[in-house]
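Shown next, in structure tokens, is the structure this report addresses.
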Amino acid sequence: MPGVTIDKNHCKGCEMCVKACPQKILAMSKQIGLKGYFYAEVVDSSRCIGCMICAITCPDVAIEVGVHGTSFALFQY
Ligand code: SF4
Ligand code: SF4
């Protein structure tokens with residue numbers, strides 16, 4: 001099963017990933033990260049198809065997607 005990791009302390013709460021996810025399994029948390037924004041989180045990881053659209057969409061490179069043991073990230077910190 002694909003695994004999506006969202007770095008809540010790099011997320012700026014723009015919601016672009018929430019809108020972009022074709023499975024509609026991302027949502028904004030009611031918690032606030034270190035940047036002072038409500039951050040995105042995965043609400044139903046079992047329906048993730050590993051398409052990586054969320055990671056490609058995120059302007060802050062805060063999302064990493066792991067599929068079949070391979071981890072996809074645009075940049076590594
Ligand atoms: S990998 Fe695709 S299906 Fe999974 S959370 Fe990201 S956009 Fe949604
Ligand atoms: S696209 Fe990136 S910065 Fe915007 S809400 Fe999603 S994880 Fe946060």
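Just so you know, all these numbers are worked out from the coordinates, no wet-lab data involved. Since we're looking at a predicted model, the values are computed, not measured.
Some observations on this one:
- Over the chain: helical MRE at 222 nm, DSSP H runs n ≥ 4 each giving -39500 (n - 2.57), nearest 500: -2500 deg cm²/dmol
- Based on alpha-carbon atoms, the Kirkwood radius and the radius of gyration of region 3-72 give Rg/Rh equal to 0.93.
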